[in-house]
Amino acid sequence: MPELTPEETKILLEKSYKCRQNILQMMRNAEGHIGGAFSSLDIITVLYNKILRHDPKNPKWPNRDRFILSAGHKCLALYAVLAEQGYFEEDVLYTYGSFKTKVAMHPEEKLLAGIEFPTGSLGHGLPVGHAMALAAKLDGLDYKVYVMLGDGECAEGSVWEAAMSAGHYASDNLVAIVDLNGLQVNGATTEIMDSSPIEKKFKAFGWAVESIDGHDFGQIYRSLAEVPLKKQKPTCIVANTTKCKGLDFAEGKFQYHHWHCEPDKIDEAINIVKSAQNKELENVRI
Amino acid sequence: MSEFNKNNKVNNAVNSSPVYDDARKFFANALADLGEKNRDVLYISCDSSLGASGAEFNKKFPERHFEFGIAEQNAMGEAAGFAISGKIPFIAAYLPFVAYRCFEQVRDDVCKTNLNVNIMGNNCGFSVSALGATHTVLEDVAVMRALPNLTIFSPCDGPEYYQAVFAAAQIKGPVFIRVHRVKSRRIHKEGFKFEPGKGEILRPGTDITLVSCSSMVANTLDAADMLSVKGIDAEVINISTLKPIDRQLINQSSQKTKKVVTVEEHSVVGGLGGAVAEVLICESPVRMKMIGINDLFAVVGDYSQLIDYYGLSPEKIAGSVMDFLKTF
């Protein structure tokens, strides 16, 4: 079973929390979808550092793995990780909120290296990702396609159309990761439109499914390093996460799905994130 | 009582022994021939593969045919995913399902990305009117024309349908092709070359310009014949590319005749008439009349009944043109 060493875990944790700080720096300029960005950040950090076969210097390499952020509003997390990986200069992040910025509130593939497909409207990523997976097989390439969904997004019918399609085609080079933070814009997902049980639904559509703690780097790595979980089946990783993870006053509150932080409160928020990081580091035994 | 009836229809010299084309057969052959030449061409269906435009392709290249079932949102997203992976998908289904059900996928995943996705909207207009208003499509041009990057073809006969498929694959961005199910009278002679973005004068004239597309081209030519009996020399233009429309041709003809009538098996809201009006009102204003469906959901009936009922038969087109001319 693939395992992270404590040193590797420490590095991933530090990178993820550095990204949280950078996101807060971006939000000096404008409001943003911090809740989903912080809930998905640990997973996206593991993906780009440990799982995806990719090359920031050659972002269109034909046999690269693809990552599509179907829940496109979480893109602050993706931007921060892509910058950390060297897809573009970190300075680009801080153009957030400015006229014609390349780091828009939803990602655009024409603006920025590393964005595989533009998203924003929910329910679009899994159909597109599945076709990329089918195209890999047509072309005799062995890349995998990873699509991140939100649990609120799973109310969209097109998610299940695509889930049915991937099950039907036995597309075992497709991986869906559901960032299950339990909250959406207007409240708890169970109250707005209950998409649970996500695991059983994907299983019923012919997927191999595993549930993990989406903030446990070891679990994230183990599950993603072993895909496909079953031959001839697409993989779904249901990641249980905390909305706005790392910012204690906002954690688990739907009001922080989208947040406008007063500029003079940014430094305070960054300090809170730093404290959270230190607390997490205490749990990593080296 | 119209002053035109079937008895005063004159023979159209070009079509003294007319040939009628089944658009779907031309599409099927074109796709199969294109698939032979280009290994990146794929065919996507939504429980629409049998008897429709991809049947020949599927026989020859089953590995490049993807059936996604009755789930057009997914199918359109998959088409975009294939296209961004370097493939050239043709996705075909009943027009309302492949254009309206998945409209946001067309807009966001196909048009905004400017991908080479080719959408074949089967059974436009009153093609399958007996199935009722859900399957009768009278507003697709208005809806689809609003999308940036999208090219729209509306062929009128077999040779245009065949060549439109090849042209669509060559255009880097997305293309929407309107496919009529009712057999269309052959308009074009052998050796005809379809040019995307170009309209064509099928009948030169000096008194009035009649602009038409798709199924209405033959009826408009017949109406022009009837008008000639009354001493009216009508110019007939076929606009087989609705977007981008041939502004130059429309301006030139209207400047000559000073009167324009558009004829379409489509709503007068936002269709061919709207597209022509958008050109003329800005660039060479003349008085216009739009013949089409007047902003309504159609009654049920067979094709020829509806064409007559909604004023799109050659006799009724000629009558409407005469009424328009009397207002000058």
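The values are calculated or read from the model by the stated rules, or taken from the named source; none is laboratory data. This is a predicted model, so every value here is computed, not measured. Neighbour counts run over all protein chains shown; Cβ positions are idealised from the backbone, glycine included. For accessibility, only protein heavy atoms count, side chains too; no ligands or nucleic acids. Shrake-Rupley method; radii C 1.70, N 1.55, O 1.52, S 1.80 Å.
Numbers below:
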item	result
Projected label distance in nm at B:E278 and B:K60, using a 7 Å step from Cα toward the beta-carbon	3.5 nm
Label point at B:S228 placed 7 Å out along Cα→Cβ; residues across the range B:252-294 whose backbone nitrogen lies under 19 Å	B:257, B:261
Set of aspartates and glutamates near B:K259 by C-alpha distance (under 17 Å), chain-local residues within fewer than 8 positions excluded	B:D207, B:D233, B:E235, B:E278, B:E283, B:D323
Full-stretch length increase - B:K189, B:K25 - with 0.36 nm per residue and alpha-carbon distance subtracted	57.2 nm
The range B:20-185: relative contact order as a whole-number percent, Cα under 8 Å and 6+ apart	27 percent
Estimated buried accessible area (total), pair A and B, 1.4 Å, Å² to nearest 100	1900 Å²
Distance (nanometres) between label positions extended 7 Å along Cα→Cβ at A:L111 and B:K198	4.0 nm
Residue mean of other protein chain beta carbons inside 10 Å, B:86-98	1
Point-charge dipole on Cβ atoms (K/R +1, D/E -1) for the protein assembly as shown, about Cα centre, debye to 20	1260 debye
Reachable aspartates and glutamates from A:K100, criterion Cα separation under 13 angstrom, eight or more residues apart if same chain	A:E108
Gaussian network model of chain A, springs between alpha carbon atoms under 10 Å - residue of A:D65, A:D142, A:D216 with greatest fluctuation	A:D142
Computed over the protein assembly as shown, Kirkwood Rh from alpha-carbon pairs, angstrom	26.5 Å
Under the Debye formula (equal points on every Cα, no solvent term), log10 I(q)/I(0) of the range B:82-152 at q = 0.26, 0.28 Å⁻¹	-1.21, -1.34
Label-to-label distance, nm, for residues given as A:D91 and A:K57 (7 Å Cα→Cβ offset)	2.1 nm
Those trypsin sites (Lys or Arg not before Pro) in the range A:35-71 that DSSP places in a loop and that have at most 13 other beta carbons within 10 Å	A:R53, A:K57, A:K60
Three-way shape label, the range B:42-164, alpha-carbon gyration tensor, a/c 1.5	rounded
Globularity index of the range A:6-282, i.e. its alpha-carbon radius of gyration over 2.2 N^0.38 Å	0.94
Shielding of B:108-115 by partner chains, average beta-carbon count, 10 Å	4
Qualifying lysines (Cα of each under 27 Å from Cα of B:K60; at least 8 residues distant if same chain)	A:K137, B:K25, B:K37, B:K87, B:K172, B:K183, B:K193
Residue-span extension gain [B:A146 to B:R39] - 0.36 nm each, minus C-alpha spacing	35.3 nm
Förster radius 41 Å - calculated FRET efficiency between B:F166 and A:K50, Cβ distance, rounded to 0.05	0.35
Helical contribution to [θ] at 222 nm, DSSP H n ≥ 4, -39,500 (n - 2.57), averaged over the protein assembly as shown, rounded to 500	-11000 deg cm²/dmol
Value of relative contact order over the range A:6-282, rounded to a whole percent, pairs C-alpha under 8 Å and six or more apart	24 percent
The range A:166-210: C-alpha gyration tensor shape, a/c 1.5 cut-off, then a/b vs b/c	prolate
Prolate/oblate/rounded call for the range A:36-163, Cα gyration tensor, a/c under 1.5 rounded	oblate
Residue with peak Gaussian network fluctuation, chain B [Cα springs, cutoff 10 Å], from B:G125, B:G77, B:G273	B:G77
Mean separation of Cα contacts under 8 Å (6+ apart) over length of chain B, as relative contact order %	18 percent
